[in-house]
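Heads up: the structure comes next, in structure tokens.
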Ligand SMILES: Nc1ncnc2c1ncn2[C@@H]1O[C@H](COP(=O)(O)OP(=O)(O)OP(=O)(O)O)[C@@H](O)[C@H]1O
Ligand SMILES: [Mg+2]
């Protein structure tokens, strides 16, 4: 069943239950209220009657006629001798009431011969034994109760209709964004990422909508990078293979002989080495993404690893005539794989040395629980078009090598719980790589 109908059915059921309970209570309380109200009226009527009787005794005949005309059941009697002074109730009922007066006196409703009465009774004076009983047939009250019940049912049916209409509109407002969102998710399912449109919504549905759109963007980016990865990877693998094939066929067919064949062998060995390096790095990357046994963390002083990386790269810096400047913070312990993090530092610093003109500066500082390492050079900077995907596999600039170094570095840093980002310097030419590690005591 559609969500719209489910919600409407639930609302309607809830309203029906609440209204039924309310109606039940009102109906059951109504009779009590009517009886009490009737007793109040009887009392008022009795008081009026008595004051009139006292004032104008001479006109009591007229009054009794009036009472009989109006059909007020009244009984006036003397208790000790069971004498009836005045009665408009059936004689058998009057007799029954007088003889059982002691039991009836505490009850609100008295049994008559054929019907029941709501009764108000009181002694006329404290000295005499005369009692006045004013009554109203219960049937009259039941008729009022029935009329009231019918009106209540009518009001409840109107209320229910209004509630159902309002609930329909409210649930429609709630469900429409969900239906629209379902259509947008369907587009993601069909990989039509560009067609995904924003959906007007509020509250939690808005949050879900934003997450869905964010997911679509991420998915589009991921699929795009995967495609690019396969293109780049096949290109990187095909080039050395073509060169090996070319030399191998040339030597087999006798095109390359002597020194040329020698050169061919050397190229084939170099290209094989390169292929091996690429394949090994791709395997390492795949393992860093998923497997546990490639990464062995321990409590490591990260700043110490920076010094080690610098020492290893000193010869390269000397070759390139680049000055290495190192400014290290205090010891900073993190729970990382020492060898892998050293490898990441070497990748980033060797890139810097390769691109620097004269100087490469490595600095680190601790802020709170985070160690920030900055590697900045004074080279040409990172080409702008490379920046958004710099850390993807096989992304490289002019004169780059395999384009896997930064991808591996990011995988290691993220596996260590850290972050890495790159941007160009604004004060002068050159690139800055910023790596952050969380502290572990
Ligand atoms: N400090 C830097 N200054 C300018 N460009 C840089 C810098 N570091 C990296 N790059 C650019 O980023 C590209 C990717 O670097 P990455 O280390 O991933 O690959 P690579 O150095 O080309 O090859 P390798 O996989 O051997 O490291 C480089 O080819 C280069 O164009
Ligand atoms: Mg590199």
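Do we have any residue at all in the range 379-392 that's touching a strand residue (DSSP E or B) at 6+ places or on another chain (Cβ under 6 Å), away from ligand 2 (no atom under 15 Å from the Cβ) and at pLDDT 90 or above?
yes
Mind checking which residues of the range 426-441 are surrounded by fewer than 21 Cβ atoms within 10 Å (Cβ to Cβ) and away from ligand 1 (no atom under 11 Å from the Cβ)?
If the condition is that a residue be surrounded by fewer than 21 Cβ atoms within 10 Å (Cβ to Cβ) and away from ligand 1 (no atom under 11 Å from the Cβ), then 426, 427, 428, 434, 436, 438, 439, 440, 441 are the ones that fit.
Checking residue 423 against (1) away from ligand 2 (no atom under 12 Å from the Cβ); (2) in a strand (DSSP E or B); (3) surrounded by 17 or more Cβ atoms within 10 Å (Cβ to Cβ), which single condition isn't satisfied?
The number of the failed condition is (3).
Based on this model, can you work out whether residue 167 counts as under 30 Å from residue 12 (Cα atoms) and either in the same structural domain as residue 77 (by TED's automatic domain parsing) or part of a helix (DSSP H, G or I) (or both)?
Here the answer is yes, as residue 167 does meet what is asked.
Checking the condition buried (at least 17 other Cβ atoms within 10 Å of the Cβ) and within 10 Å of ligand 1 (Cβ to nearest atom), which residue from 353, 412, 373 passes?
353
Just checking, how many residues over the range 376-390 are surrounded by fewer than 17 Cβ atoms within 10 Å (Cβ to Cβ), more than 7 Å from ligand 1 (Cβ to nearest atom) and assigned to a loop (DSSP other than H, G, I, E, B)?
Residues in the range 376-390 being surrounded by fewer than 17 Cβ atoms within 10 Å (Cβ to Cβ), more than 7 Å from ligand 1 (Cβ to nearest atom) and assigned to a loop (DSSP other than H, G, I, E, B): 2 in total.
Going through 368, 417 one at a time, which residue ends up being touching a strand residue (DSSP E or B) at 6+ places or on another chain (Cβ under 6 Å), more than 13 Å from ligand 2 (Cβ to nearest atom) and at positive phi?
Being touching a strand residue (DSSP E or B) at 6+ places or on another chain (Cβ under 6 Å), more than 13 Å from ligand 2 (Cβ to nearest atom) and at positive phi holds for just one of 368, 417, which is 417.
Do we have residue 393 as outside the structural domain of residue 276 (by TED's automatic domain parsing), in a loop (DSSP other than H, G, I, E, B) and within 9 Å of ligand 1 (Cβ to nearest atom) here?
yes
Residue 141: assigned to a helix (DSSP H, G or I) and surrounded by fewer than 17 Cβ atoms within 10 Å (Cβ to Cβ), yes or no?
So residue 141 does not fit the description; no.
Determine whether residue 373 is in a strand (DSSP E or B) and in contact with a helix residue (DSSP H, G or I) (Cβ under 7 Å, 6 or more places away or on another chain).
The answer is yes for residue 373.
Among (1) at pLDDT 85 or above; (2) assigned to a loop (DSSP other than H, G, I, E, B); (3) exposed (fewer than 15 other Cβ atoms within 10 Å of the Cβ), where does residue 89 come up short?
(3)
The values are calculated or read from the model by the stated rules, or taken from the named source; none is laboratory data. Quantities reported herein were computed from a predicted structural model and do not represent experimental measurements. Don't worry about glycine lacking a Cβ; one is built from the backbone with ideal geometry, like all the others, and counts go over all protein chains shown.
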